[in-house]
Amino acid sequence: MGLTAIECPDGVCHSHHGGHSVERATMQASLKSHGRDWCERLAERIYEMSVDTFSQNVMPSLHAAGWQRRHLDWEFKLNELESEPDRTLVDGIINATESFLRSSEVHRLFIQELVQGTFDEAAADDLRIQAVRTLVETEIVSMLEERRQSLIERLSEQLLEAAKGDLAAAQSASEEALMEVERLLVNHAEAL
C-alpha cells in the first residue's frame, strides 16, 4: 500500500502528511533509520513554517485598512453606523487567533499528532483494519439493532432515578445514547 509522504533531506521519504507516495515497507525502514527524535524535529519545522506562512500571508490582509469594516458590514449589516466596539471585538479575535497558533500547547499537540500519526500510519495492519470495520459494520451494529428495545428499556430503568422518575426523559436519553454509540463505532471504523 502506498503512503503519501513528505520528502526528507537526501531523498528519503517521511510522513503521510503531504508530498508523494512510498510503499509501507519503505516508510517503516525510513522511520526506523531516522528515529523518533528526527521525526519530531521535522514536525516542529513544519509547524513553524505553517505559522510563519499564516503570519506573512493571512495576518497582513486581516489587519489591512477596511477589511474589518467590510466584514462587519456583511456580518452585522452595519452600513454607515459607527461600530468601534465591533471593530475592537474583531481586532481581539484576530489577535487571539494569532496567539493561539503561536501557543506552546498548540505547538506541542501539532507535533505529537503529526509524529504519532506518521508512526501509526506506518504500522497500520490492513487485515486488522478490515476485520475491525467488518466487525463493527456487520456484527456489532446489527446486534445493537436487534437488541435495541431491550437495551433502551434496561438503560431507561438505570436512568430513572437520575431522570427524577420521568420515564419519557430516561427513554429519550437512552435512545440518544444508543444512537451516539452507534455513530462512534461507525466513525471509529471509518477512521481506520
Within 10 Å of each candidate Cβ there may be at most 12 other Cβ atoms; applying that plus a DSSP loop requirement, which GluC sites (Glu not before Pro) in the range 133-192 survive? Glu161
Ranked order, Arg36, Arg41 - accessible area, probe 1.4 Å, largest first: Arg41, Arg36
Under a 1.4 angstrom probe, counting protein chains only, how are Ile140, Ile111 ranked by accessible area, largest first? Ile140, Ile111
With DNA, RNA and ligands ignored, accessible area of Asp91 (1.4 Å probe; Å², nearest 10): 60
Compactness summary of the range 109-153: radius of gyration and Dmax from Cα atoms, Å, are 16.7, 45
Under 1.5 on a/c is rounded, so check that first for the range 84-192, then, if it is not, pick prolate when a/b is larger than b/c and oblate when it is not; a ≥ b ≥ c are the square roots of the alpha carbon gyration tensor eigenvalues. oblate
For Leu151, tell me the accessible area in Å² from a 1.4 Å probe, rounded to the nearest 10. 50
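The values are calculated or read from the model by the stated rules, or taken from the named source; none is laboratory data. No experiment lies behind these values; they were computed from the predicted model shown. Methodologically, a virtual Cβ is constructed for each residue, glycine included, from the backbone with ideal geometry; neighbour enumeration extends over all protein chains shown. Areas reflect the complete protein model, heavy atoms only, side chains present, ligands, DNA and RNA absent. Shrake-Rupley method; radii C 1.70, N 1.55, O 1.52, S 1.80 Å.
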